[in-house]
Amino acid sequence: MSTIVLLVATGLGLGALYFLIASGLSLSYGLMRVLNFAHGIFLTVGAYASWWLALHLPAAAPWRFAVALAGCLVAGALAAGLVEVGLIRPLYRRHIEQVLVTVGLALAFTALVQGRFGPDPKPYPSPAWTQGVTRIAGASVPDSRLLAIAVAIAVFAGLQGFLRFSRWGLVVR
């Protein structure tokens, strides 16, 4: 039974991560009708910014993870803004060119990141509270999976609230 619980929790955690990525893709296409296949670049820029900040901030600082997370959001948003203004905005209403530019950008950026940082995973100095496990029905479920599920539920609830109950959400729909 514990194996089934662990598999379900792991699957839900992975599904939560996929939801978080897909919600950005669907919003960008739903709002702007932009086929952006370079969406992973923004995640990569944010992840490396967070990794760099987490390594260079004092290890004992309790605010290290929060600052790294804020840096992740800022770096990803800046990268997205630069790509949108410099490459995508001139291609509105030209969907085939959007696909070609964003796929080419994704391929080139992947090669650039692998050339600079290498293809091996980088250890992230995550906070201690994400490294523990919680016992659920005899299974040891990683707290990081539970965090991903909780964040995905919060984002889903926030998006639903925004789209259903705000004036901007009405405009988006």
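The values are calculated or read from the model by the stated rules, or taken from the named source; none is laboratory data. Quantities reported herein were computed from a predicted structural model and do not represent experimental measurements. Heads up, the Cβs are rebuilt from the backbone with ideal geometry, glycines too, and the neighbour counts pull from every protein chain shown. Ligands, DNA and RNA are stripped out before the accessible areas are found, and what is left, the full protein with its side chains, is counted by its heavy atoms. Shrake-Rupley method; radii C 1.70, N 1.55, O 1.52, S 1.80 Å.
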*FRET efficiency for ARG167 and SER144, Cβ-Cβ distance as r, R0 = 30 Å, nearest 0.05?*
0.25
*Computed over the chain, Kirkwood Rh from alpha-carbon pairs, angstrom*: 18.4
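Would you mind telling me the share, in percent, of accessible area of the chain contributed by carbon and sulfur at probe 1.4 angstrom? Could you put the intermediate results ahead of the total?
Working: 8180 of 11280 Å².
The value for the chain is 73 percent carbon and sulfur by accessible area.
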*If you bin the C-alpha pair distances of the range 70-145 every 10 Å from 0, what whole percents do you get?*
14, 27, 26, 20, 11, 1
_Quick check: the angle from helix 143-165's long axis to the longest principal axis of the chain, C-alpha only, nearest 10 degrees?_
40
*Run the numbers on the range 13-92 and let me know its relative contact order in percent, using alpha-carbon pairs under 8 Å that are six or more apart.*
29
*Could you pull the Rg and Dmax for the range 112-164, using just the Cα atoms, both in Å?*
16.6, 45
*Cα→Cβ-extended label distance, 7 Å offset, between LEU14 and LEU69, nm*: 2.5
*Of the residues ALA70, ALA148, ALA137, which exhibits the maximal mean-square fluctuation in a Gaussian network model of the chain defined by a 10 Å Cα contact cut-off?*
ALA137
_For the chain, what does the helix formula give at 222 nm: sum of -39500 (n - 2.57) over DSSP H segments with n ≥ 4, over the residue count, nearest 500 deg cm²/dmol?_
-24000 deg cm²/dmol
*For the chain, find the longest principal axis of its Cα atoms and tell me its angle to the long axis of helix 2-32, 0 to 90°, nearest 10.*
20
*Note down the relative contact order for the range 57-160 as a percent, whole number, built from C-alpha pairs under 8 angstrom at least six residues apart.*
13
*For helix 95-117, report the angle its Cα long axis makes with the longest principal axis of the Cα atoms of the chain; keep it between 0 and 90° and round to the nearest 10°.*
50
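With N set to the number of residues, divide the alpha-carbon radius of gyration of the range 13-95 by 2.2 N^0.38 Å and report two decimals. Present the calculation step by step, with values, prior to reporting the outcome.
Values: Rg = 15.1 Å, N = 83, 2.2 N^0.38 = 11.8 Å.
After normalising by residue count via 2.2 N^0.38 Å, the value is 1.28.
For the chain, what is the accessible area per residue in Å² when the probe is 1.4 Å? Could you put the intermediate results ahead of the total?
On the way: 11280 Å² over 173 residues.
Ligands and nucleic acids excluded, the figure is 65 Å² per residue.
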